[in-house]
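In what follows, a single structure is set out as structure tokens and then discussed.
The values are calculated or read from the model by the stated rules, or taken from the named source; none is laboratory data. What you are looking at is a predicted structure, and each value in this text was computed from that prediction instead of being measured. Here Cβ is always computed from backbone atoms with ideal geometry, including for glycine, and neighbour counts include all displayed protein chains.
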Amino acid sequence: VWRDGMRTVDKDVQAVTRSIVGHVQTSLARQAYNLDNLGAYQAAALSARDDLLVNWNTTQLTFTRKQPKRAYYLSLEFLMGRTLDNALLNLGLKDKFTDGVQKLGFNMEDVIEQERDAALGNGGLGRLAACYLDSSASQELPVWGYGLRYKYGIFQQLISPQGEQLEAPDPWLDNQNPWELPRLDVTYDIRFYGRADRLDDGTGRAVWHGGQEVLAVAYDVMIPGYDTASTNNLRLWESKPQRGFDLNSFNAGNYEGAVEASNSASAITSVLYPNDHTTCAPNRSIPIHFGKELRLKQQYFWTAASLADIMRRFKNAGKNIREFPDFVAIQLNDTHPTLAIPELMRILIDDEDLTWDQAWTIVTNTFFYTNHTVLPEALEKWPVPLIENVLPRHMQIIYDISMNGQVLLASNHVSDIQLTAFVEGQPKQVRMAHLACIGSRKVNGVAELHSELVQTTILKDFVEFEGVSKFGNVTNGITPRRWLDQCNPELSALITKTLKIEKSVWLKDLTKLEGLLPFAEDKAFRAQWSAIKQRNKERLAHHVQTTLGLIIRTDAMFDVQIKRIHEYKRQTLNILGVIHRYFALKKMTPEEKKKVNRRVVFFAGKAAPAYYIAKLTIRLIVNVARVINADPDTKEYLQLYFLPDYSVSLAEVLIPASDISQHISTAGTEASGTSNMKFCLNGGLLLGTVDGANIEIAEEVGENNVFFFGHLTPAVEDLRYQHLYHPVPIEEKCPPLAFVLNQISAGVFGGDGVYEPLLNTIRQSDYYLITDDFDSYIATLEMVDEAYLDKEEWIKKSIRTTAKMGKFSSDRAINEYAESYWNIEPVSIPTGG
Ligand code: 26V
């Protein structure tokens, strides 16, 4: 029996237990009576997978039959987190499975916790890709993801007794992965190095030959939509040596040579690169060359395999190559897949015999490019000699694209020929954002302010040249399925009860949350709302106690900053604020302290392994925590924790427990932010700068429900200029901050001078404007305290915030891409399997 296109009601609890026990015996080859939690998880996952597979098959069959235009989301990162809970909720089977595993003697929460996160991403960019896959499937849009199947995801973070970050590999595939389907029959040969010889037949074609060939093998991950049978696909590539690789060396007795060739092929998809926002060392002077070639090979391996696969599917449909853009849209998630542009040119010219102009028309109608940062150190540039060596044919094509752009310019009487000369510098480098821009149909940023900055800074020349209509904005979004229903089940249930509509209605149209607004005035409702927040704090405290052995008080405001550690995100501003508060508390009389708002401050986040200043920031936080939490004068009023190994599943516990969260980047630096949306959706208030999506959140929830501080974007450049040419000593500019810095230097938090390089970034050029924003930050923190002490008013703000978050559903965002960019439409999937 199917309901609304879903197979749910038919499957009773008995059928669930039967299926799970069946998998215990036949798939796991174990006995049900001595099963542990891990075994129960594996069997439950395999059972859920059976249900997903039925829907997945129907969906793919429908696409093959109907041949709709499809969109492909190319992303080097997909930060999926855990799958079981999400799959069961989307299938509508959570309750049945909860009962079923209980009948077998297990607790569902413990079973769910056995799953390791799929952590194939660094942060916001990768998690955004995961949210977009959920929304695409939920809205029955024909969208496939393409990425890499890294053997090791983002490193595991350990904190040493000194407070240093240590990195350990993340062997996430060690327990087998029930969510992937190896497609050993879907493979492509990918070439590297060798030579590209232009044919002298006047066609511009070339032959690329020799070098190394590596095999790409497909692994498919099912992406279930919510409350629909529609189940999309995420295809991840693994690199392997070709069969019969280097047989010559092997036969000649050169076993080492043969093994080396094999290792170098497997190396391509062995590990996710952990440094987001840095293509070179963060001190902006020492470029890191180490590993650059492997990263380029990752990018090409993945784009070439994906394009070959897309092309094969297109051709199987029997269409003419000129119709390619009518059936295929390809979204470039940042510049990482930009090589797809010269690669498609290569296929069309060298393999399909098209002319340059014919090929260019197809390419520029197929690709769409999303920019995710304007920070100069994060913009990808590849040295020409490196590309020439690894991808000789692509370097020729890139030069041709650059030259053609310039011919066009000259014929348009544009004087500044430099414009599209995106191969520039000494040594020569290719600016990938420029290549992505010129090769795409449209370009977008990820929040209003950011999209504006893209058009006025890094791609300014292209706006003049190509017209502003090529450029747009799609403000990021988050899936309310994972980021409310799954992570905060009690709040989800209260919302459903209060709105008096089915859960599936508001989860698919999040603007329905506005119906909560009148209940902000309802005292009994407020009591329920705040009781849930309290239980979520206790759930977090329990989690921290069982995993870290720390006792956290829950009768305090929970203040959270969780994100990658980076100077521009200003965790330093936060920790300096904490230290300031600590000394203020130390000076208070017992009477004064009684009026203080109790605070527990949480940090979590990873630092890129080579990012020295970010690692020092972690060390400072950990050591300040050690002092503050042990100080009998203050520990009742202020606690501080750095929770190690931040992940999607840790976020799912932290976010629902937060009263306030901090998003305090220097204005103009955070493209959007997405955790800001997650906190607000869960009724946490926002303390932030006028940056990224914070601005649009404030527009929605009203400025009186957020806490804003700090200088605005237009002031930033001037302030930096002042720092360099008219520096004012901190003692004069900001005495409270000078005091805090001096205490750290004096060793109050230990360290024996280790923090000096971190402190000097502030004392010297202060690129991220800590000295300019500190006073308004402290003043705003005091306003937050005051507001929190008025409990009823605070809860009202919390309810109003959740109620106005409808805009930030990733369903809205993905619809904007589908309609205004890709031109694709939903395909309804027949029920029945
Ligand atoms: C850049 C690089 C540079 C080369 C080495 C590896 C690597 C890996 C990732 C990146 C991407 C940096 C851009 C990024 O992650 N941007 C974030 O995107 C989020 C989703 O749009 C957005 O919410 C954040 O504000 C933005 O920082």
* To do: Scan the stretch 99-115 and give yes if some residue there is free of Cβ contacts under 8 Å to residues at least 24 places away in the same chain, away from the ligand (no atom under 16 Å from the Cβ) and in contact with a helix residue (DSSP H, G or I) (Cβ under 6 Å, 6 or more places away or on another chain), otherwise no.
  => yes
* Asked: For the subset of the stretch 681-695 comprising residues that are in contact (Cβ under 8 Å) with a residue 40 or more places away in the chain and under 22 Å from ASN122 (Cα atoms), which member is nearest to the ligand (Cβ to nearest atom)?
  -> GLY692
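Can LEU128 be described as touching a His at 6+ places or on another chain (Cβ under 9 Å), buried (at least 20 other Cβ atoms within 10 Å of the Cβ) and not in a helix (DSSP H, G or I)? Working first, answer last.
Details: touching a His at 6+ places or on another chain (Cβ under 9 Å): yes; buried (at least 20 other Cβ atoms within 10 Å of the Cβ): yes; not in a helix (DSSP H, G or I): no.
Answer is no for this residue.
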* **the stretch 55-101, residues that are within 28 Å of LYS563 (Cβ to Cβ), within 20 Å of the chain's Cα centre (by Cα) and not aliphatic (A, V, I, L, M)** => TYR73, SER75, GLU77, PHE78, GLY81, ARG82, THR83, ASP85, ASN86
* Structure fact -> Counting only residues in the stretch 43-77 that are polar (S, T, N, Q) and surrounded by fewer than 24 Cβ atoms within 10 Å (Cβ to Cβ), the one nearest to ARG116 (Cα to Cα) is identified as ASN57
* Structure fact -> For helices (runs of 4 or more DSSP H) lying entirely in the stretch 306-376, having 2 or more residues that are in contact with a Leu (Cβ under 8 Å, 6 or more places away or on another chain) and farther than 15 Å from LEU76 by Cβ picks out 340-346, 356-366
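Name the residue, out of GLU696, GLU670, that is surrounded by fewer than 24 Cβ atoms within 10 Å (Cβ to Cβ) and in contact with an Asp or Glu (Cβ under 8 Å, 6 or more places away or on another chain). Spell out how you get there, then give the answer.
Values: GLU670 fails: surrounded by fewer than 24 Cβ atoms within 10 Å (Cβ to Cβ).
The conditions single out GLU696.
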* Asked: Looking at SER765, is it in the same structural domain as GLU703 (by TED's automatic domain parsing), among the small types (Gly, Ala, Ser), in contact (Cβ under 8 Å) with a residue 12 or more places away in the chain and surrounded by 13 or more Cβ atoms within 10 Å (Cβ to Cβ)?
  -> no
* Asked: Is it true that some residue in the stretch 665-678 is more than 16 Å from the ligand (Cβ to nearest atom) and in the same structural domain as ASP773 (by TED's automatic domain parsing)?
  -> no
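Per-residue answers, yes or no, for (1) among the hydroxyl-bearing types (Ser, Thr, Tyr); (2) modelled with pLDDT of 95 or more; (3) assigned to a loop (DSSP other than H, G, I, E, B):
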residue	(1), (2), (3)
SER19	yes, yes, no
ALA43	no, yes, no
TRP56	no, yes, no
VAL111	no, yes, no
GLN114	no, yes, yes
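Has the stretch 22-38 got at least one residue that is away from the ligand (no atom under 16 Å from the Cβ) and more than 30 Å from GLY105 (Cβ to Cβ)? Break it down stepwise before answering.
Pass one, the stretch 22-38, residues away from the ligand (no atom under 16 Å from the Cβ): 22-38.
Filter once more, keeping what is more than 30 Å from GLY105 (Cβ to Cβ): none.
For the stretch 22-38, residues away from the ligand (no atom under 16 Å from the Cβ) and more than 30 Å from GLY105 (Cβ to Cβ): absent.
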* Asked: Which of the residues spanning the stretch 116-127 are within 16 Å of the ligand (Cβ to nearest atom) and of a type outside the set (Lys, Arg)?
  -> ALA119, LEU120, GLY121, ASN122, GLY123, GLY124, LEU125, GLY126
* To do: Could you grab me the full set of residues in the stretch 638-664 that are under 24 Å from PHE155 (Cβ atoms), charged (D, E, K, R) and assigned to a loop (DSSP other than H, G, I, E, B)?
  => ASP645
* Go through ALA196, ALA218 for me and flag whichever is in contact with a Pro (Cβ under 6 Å, 6 or more places away or on another chain), surrounded by 19 or more Cβ atoms within 10 Å (Cβ to Cβ) and closer than 26 Å to ALA258 by Cα. => ALA196
* **Counted residues, the stretch 110-135 - those being out of contact with any Ser or Thr (no Cβ under 9 Å at 6 or more places or on another chain) and of a type in the set (S, T, N, Q)** => 2
* To do: Return a yes/no flag: does the stretch 128-140 have any residue that is of a type outside the set (Phe, Trp, Tyr), away from the ligand (no atom under 14 Å from the Cβ) and farther than 30 Å from LYS66 by Cα.
  => no
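From TRP179, TRP208, which residue is of a type outside the set (A, V, I, L, M), under 21 Å from LEU234 (Cβ atoms) and surrounded by 13 or more Cβ atoms within 10 Å (Cβ to Cβ)? If you could, list the steps in order and put the result at the bottom.
Numbers: TRP208 fails: under 21 Å from LEU234 (Cβ atoms).
Checking each option against the conditions leaves just TRP179.
May I ask you to say which residue of LEU654, LEU681, LEU643, LEU719 is touching a helix residue (DSSP H, G or I) at 6+ places or on another chain (Cβ under 7 Å), under 22 Å from SER776 (Cα atoms), among the hydrophobic types (A, V, I, L, M, F, W, C) and not assigned by TED's automatic domain parsing to the domain that holds THR373?
Numbers: LEU654 fails: under 22 Å from SER776 (Cα atoms); LEU681 fails: under 22 Å from SER776 (Cα atoms); LEU643 fails: under 22 Å from SER776 (Cα atoms).
Residue meeting the stated conditions: LEU719.
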